[in-house]
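J.: Starting off with a structure, shown below.
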Amino acid sequence: MNIQYLKSLQNYPVINGFKSKGIPESKIEQTEQQLGIKFPKAYKEFLYLAGELNNGLFGNAVEDDLEWAVEDFQEVMKEELIDVGVNLGKPFWAFTAFNMQSFDFFFLNEGENPPIYLFDPYNRGKEDKNLPKGVIKSYNSFSEYVDACIDGHKKGRI
């Protein structure tokens, strides 16, 4: 895979003393076909570089088990939204959870390097009136998010 957005991750393959392990392109494509969706290129690059084992790059990421991420995690996050009466209004992909209530996600129709949003049902004060209740835009792009996580690891914050 030609890496366009996540060169920083490509150049930082060892996280927490362990080498990250990616998912083959064929499995990523198979997952997209299975779900009837298309992941943004930046996210596919993440899966390719560190999707099977990312050594805690995102903290509580679910990609270390793509089957769980596909079969269970997305449904759990959708149920959480229903439980608190939030409709995001368009298809999304959740990729981290903080307490199985709050999670990071991107919308599947916002380009190849989409903004990252945080859903937190207890979010107070930072809400954007253009976004559903409890949702804030936390990063301008997936690559910016990954870069911030890598920087956090380098500085020992994550």
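J.: If I take all pairs of Cα atoms in region 79-126, what percentage of them are more than 15 Å from each other?
T.: Working: 510 of 1128 pairs.
For region 79-126, the share of Cα pairs beyond 15 Å comes to 45 percent.
J.: Given the Cα-Cα distance of residue 151 and residue 76 and 0.36 nm per residue of separation, how much length would full extension add, in nm? Can you show the working numbers first?
T.: Numbers: separation 75, 0.36 × 75 = 27.00 nm, distance 2.96 nm.
Gain on extension, residue 151 to residue 76, equals 24.0 nm.
J.: Along the Cα→Cβ direction, 7 angstrom out, place labels at residue 32 and residue 87. What is the inter-label distance in nm?
T.: 2.9 nm
J.: Step through the table entries 41/137; 38/154; 19/155; 7/78; 21/155; 21/133, compare each Cα-Cα distance with 25 Å, and write down the pairs that go over it.
T.: On the way: 41/137 20 Å; 38/154 31 Å; 19/155 18 Å; 7/78 31 Å; 21/155 22 Å; 21/133 36 Å.
Beyond 25 Å between Cα atoms: 38/154; 7/78; 21/133.
J.: Okay, next question. Residue 15's amide H: which non-local residues (gap 5+, or another chain) put their own amide H closer than 5 Å, with H modeled 1.01 Å from N in plane and none for Pro or chain starts?
T.: Under 5 Å from the amide H of residue 15: 20.
J.: If the chain between residue 18 and residue 122 were fully stretched, how many nm would it gain, using 0.36 nm times the residue separation less the Cα-Cα distance?
T.: Contour length minus Cα-Cα distance gives 34.0 nm.
Values in this text are rule-based calculations from the coordinates and carry no lab data. Source: prediction; values computed, not measured. Cβ coordinates were reconstructed from backbone atoms using ideal geometry, including for glycine residues, and neighbour counts include every protein chain displayed.
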